[in-house]
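The values are calculated or read from the model by the stated rules, or taken from the named source; none is laboratory data. Keep in mind the model is a prediction, meaning the values are calculated, not measured. Note that each Cβ is placed from the backbone with ideal geometry, even for glycine, and that neighbours are counted across all protein chains shown.
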Amino acid sequence: MISVKNLGFVYQGGKSAALDGINIEIADGDFVGITGTSGAGKTTFTFALSGIIPQKIKGDFYGAVTVDGVDTAVHPAEEFARKVGQVFQDIDSQMVASVVEDEILFGLENFGVPYEEIAKRVDRVLKDLGIEDLRDREIEGLSGGQKQKVAIASILALEPEVIVLDEPTGELDPESSREIFKILTDLNREKGITVIIVEQKIMLLCEYVKHMMVLDKGKIAFYGTPGDMASSIDTFKDLGINVPRVTELSASLISEKIYDGEVTLTVDEAEKMVRRILK
Ligand SMILES: Nc1ncnc2c1ncn2[C@@H]1O[C@H](COP(=O)(O)OP(=O)(O)OP(=O)(O)O)[C@@H](O)[C@H]1O
Ligand SMILES: [Mg+2]
């Protein structure tokens, strides 16, 4: 379990707090989507989960973040990567090798994983991500979606309990974005990996995550299931976040007593709603 208590952070030289009084518990096996406007503190929050803050980036740090009781501010961040794996917002800066297989090997060798085990893990993550055909490819020539998969594979090879991703679909087209979410859903369901993902596309969050967290000026402005969002549509609007149109539509049909079902979060659900109303 991840436990965040009274977390606050002010970057060195920063004018205001990037994080301010964050309290949250994230259970093992959860799938949490984090959203919020630019500068809300999303990246900073992910850094606190993996210990990069306060260990690598300096500033005033308050409160505590623990993962299974281990304090991320104290436990060496390099070693901690085996427990909480992080895919950065800028993956190009994360990649160290020029060939896909080497990129995955790198972390494993660094952590001193035995040779026979390394080969098994490389095979396994390439298969899990569906990128066996990319094994010998140059990373430079890959598409954005393929690169993201390689970045995820190299983190997964370390077999972390938690994977944290910062806007992995930021530069991807809708189809590749969905593919990333599908892969993460499989990893979450089949391997029980806790997934924490920063994502601006609210439709994707509604469709795939178990919990949603909205950050605003370093504070948690909303936390709940995608379904809970329906009762907070105005909060979302005030925060500058557009809820899916299908959600807004169903909420108004319910309040007008035209529809007596649940709010809809996806286009599929909305289609079913419309069919029921027309009957
Ligand atoms: N290295 C830094 N030094 C000083 N201030 C910083 C630094 N990095 C971020 N900040 C500030 O901290 C706040 C939170 O930034 P953060 O990068 O966590 O936001 P974000 O929600 O990830 O934004 P984006 O959607 O643009 O990625 C912002 O006000 C930002 O200007
Ligand atoms: Mg960010």
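So here's what we get for this one:
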item	result
Residue in segment 91-108 that is part of a strand (DSSP E or B) and assigned by TED's automatic domain parsing to the domain that holds Pro54 present	yes
Complete set of residues in segment 253-272 that are part of a helix (DSSP H, G or I) and at pLDDT below 90	Ser255
Among (1) among the β-branched types (Val, Ile, Thr); (2) in a helix (DSSP H, G or I); (3) closer than 15 Å to Leu165 by Cβ, the one test that Ile34 misses	(2)
Matching residues in segment 206-215 - criterion: being closer than 24 Å to Leu7 by Cα and crowded, with 19+ Cβ neighbours inside 10 Å	Val209, His211, Met212, Met213, Val214, Leu215
Residue count, segment 77-98 (criterion: more than 16 Å from ligand 1 (Cβ to nearest atom) and without any contact (Cβ under 8 Å) to a residue 12 or more places away in the chain)	3
Residue check for Ala40: more than 17 Å from Leu239 (Cβ to Cβ) and within 20 Å of the chain's Cα centre (by Cα)	no
Selection status of Ile233, free of Cβ contacts under 8 Å to residues at least 24 places away in the same chain, of a type in the set (A, V, I, L, M, F, W, C) and assigned to a helix (DSSP H, G or I)	yes
In segment 218-230, residue farthest from the chain's Cα centre (by Cα) [restricted to those that are of a type in the set (A, V, I, L, M) and part of a helix (DSSP H, G or I)]	Ala230
Contacts under 7 angstrom Cβ, first residue in segment 8-20 being farther than 13 Å from Tyr62 by Cα, partner at pLDDT below 95, 6 or more apart	Gln12/Lys58
Restricting segment 46-76 to residues that are in a loop (DSSP other than H, G, I, E, B) and aliphatic (A, V, I, L, M), the residue that is nearest to ligand 1 (Cβ to nearest atom)	Ile57
Those residues of segment 165-183 which are under 12 Å from the mean Cα position of the chain (by Cα) and free of Cβ contacts under 8 Å to residues at least 40 places away in the same chain, in sequence order	Thr169, Ile180, Phe181
Top-ranked residue in segment 5-21 [being outside any loop (DSSP other than H, G, I, E, B) and more than 11 Å from Ala64 (Cβ to Cβ); ranked as nearest to ligand 1 (Cβ to nearest atom)]	Tyr11
Boolean, Leu7 is within 13 Å of ligand 2 (Cβ to nearest atom), modelled with pLDDT of 95 or more and farther than 23 Å from Asp228 by Cα	no
Failed item, numbered, when Gly224 is tested on (1) more than 18 Å from Lys42 (Cα to Cα); (2) loosely packed, with under 15 Cβ neighbours inside 10 Å; (3) among the small types (Gly, Ala, Ser)	(1)
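Rundown of residues vs (1) away from ligand 2 (no atom under 16 Å from the Cβ); (2) outside the structural domain of Leu108 (by TED's automatic domain parsing); (3) aromatic (Phe, Trp, Tyr); (4) surrounded by 14 or more Cβ atoms within 10 Å (Cβ to Cβ), yes/no style:
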| position | (1), (2), (3), (4) |
| --- | --- |
| Ile22 | no, no, no, yes |
| Ala40 | no, no, no, yes |
| Phe45 | no, no, yes, yes |
| Tyr62 | yes, no, yes, yes |
| Val67 | yes, no, no, yes |
| Asp71 | yes, no, no, no |
| Val74 | yes, no, no, no |
| Ala77 | yes, no, no, yes |
